[in-house]
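Participant: Please read through the structure below; I'll follow up with questions.
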Amino acid sequence: MELQLIQEKIYHIRGQKVMLDFDLAALYEVETKVLKQAVKRNLDRFPKDFMFELSKEEFERLRSQFVTSKRGGMRYQPFAFTEQGVSMLASVLRSHIAIQVSIAIIRAFVLMRQHLTDYKELKESISAIENDMSIKFKDIYQVLDYLLKEKERELLQKDRKMIGYK
């Protein structure tokens with residue numbers, strides 16, 4: 001299972017990284033209907049921090065990302081599964097493919113979390129460099145500003161009409 005393919009199916013909804021039921025069904029090689037039935041039969045295994053149903057507005061905002069037709073297909077709003085919900089799905093579906101796919105998905109979530117941590121550290125380093133440089137360049141900007149204004153003053157002096165004796 002290619003991690004990049006999985007990462008493309010991870011969305012940021014309600015402040016959480018989630019995967020949608022139809023994407024998971026495709027990865028697990030089952031119909032979305034079968035996946036939803038398995039979840040509904042085991043709802044006690046999926047608390048709100050493991051899985052939630054998207055609102056119509058949330059789904060409409062995401063719809064453009066997966067290019068689906070407005071006519072046909074979905075009668076119900078999709079379920080969104082967090083990392084914990086995805087790992088719980090493997091125990092509910094109980095197939096060899098489900099276990100392998102869940103492992104790959106968990107690895108993708110972990111990799112994304114690692115990239116986020118690396119990005120945060122890089123952002124902090126850049127911010128520290130910017131602060132240091134802004135202090136150093138502040139003096140340079142003041143000197144340049146003074147020189148530019150001096151040049152303007154000289155030009156104004158040249159353009160003035162001379163008064164006095166010739």
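Participant: Please compute the length gained on full extension between Glu2 and Ala26, using 0.36 nm multiplied by the number of residues separating them and subtracting their Cα-Cα distance. Don't jump to the answer; show the numbers that get you there.
Facilitator: On the way: separation 24, 0.36 × 24 = 8.64 nm, distance 1.38 nm.
Gain on stretching Glu2 to Ala26: 7.3 nm.
Participant: What list of ³J(HN,Hα) couplings, whole Hz, do you get for region 144-149 from phi and the Karplus terms 6.51, -1.76, 1.60, once you set θ to phi - 60° and write x for glycine and proline?
Facilitator: 4, 4, 4, 5, 5, 5
Participant: Assuming R0 = 45 Å, can you tell me the calculated FRET efficiency for the pair Asp118 and Leu147, based on Cβ-Cβ distance, to the nearest 0.05? Kindly include the intermediate steps, with their values, before the conclusion.
Facilitator: Details: r = 42 Å, r/R0 = 0.94.
After rounding to 0.05, the efficiency reads 0.60.
Participant: If each of Ser127 and Gln157 carries a label point 7 Å out from its Cα toward its Cβ, how far apart are those two points in nm?
Facilitator: Output for this residue pair reads 4.7 nm.
Participant: I need the Debye-formula profile for the chain: one equal scatterer per C-alpha, no solvent, reported as log10 I(q)/I(0) at q = 0.11, 0.12 1/Å, two decimals.
Facilitator: Per q value, in the given order, log10 I(q)/I(0) is -0.59, -0.65.
Participant: Quick check: residue separation of Leu111 and Gln77 times 0.36 nm, minus the Cα distance between them. What number comes out in nm? All intermediate terms of the calculation are to be shown ahead of the outcome.
Facilitator: Numbers: separation 34, 0.36 × 34 = 12.24 nm, distance 2.83 nm.
Using 0.36 nm per residue and subtracting the Cα-Cα distance, I get 9.4 nm.
Participant: Still on this structure: If you find the alpha carbon centre of region 1-56 and of region 73-117, how far apart are they in angstrom?
Facilitator: So the separation of the two Cα centres works out to 6 Å.
Participant: Run the simple label-point estimate for Ser134 and Gln37 please: 7 Å along Cα→C-beta, distance reported in nm.
Facilitator: Taking the simple label geometry, Ser134 and Gln37 are separated by 6.0 nm.
Participant: Turning to a different aspect of this structure: Loop only per DSSP, at most 11 neighbouring Cβ atoms within 10 Å: give me the chymotrypsin sites (Phe, Trp or Tyr not before Pro) in region 122-166, ordered by residue number.
Facilitator: Values: sites: Phe137, Tyr141, Tyr146, Tyr165; in loops: Tyr165.
Qualifying residues, ordered by number: Tyr165.
Participant: How much mean residue ellipticity at 222 nm does the chain get from its helices, if each DSSP H run of length 4 or more adds -39500 (n - 2.57) and you divide by all residues, to the nearest 500 deg cm²/dmol?
Facilitator: Details: 6 runs with 109 residues, N = 166.
For the chain, the value works out to -22500 deg cm²/dmol.
Participant: Check which residues have an amide H placed less than 5 Å from Met51's amide H, if you skip close sequence neighbours.
Facilitator: Amide H neighbours of Met51, under 5 Å, 5+ apart: Thr82.
Bear in mind these aren't lab numbers, they're just calculated from the coordinates by the rules spelled out. All values derive from a computational prediction rather than experimental measurement. A quick note on method: Cβ atoms are made from the backbone with ideal geometry, for glycine too, and the neighbour counts reach across all protein chains shown.
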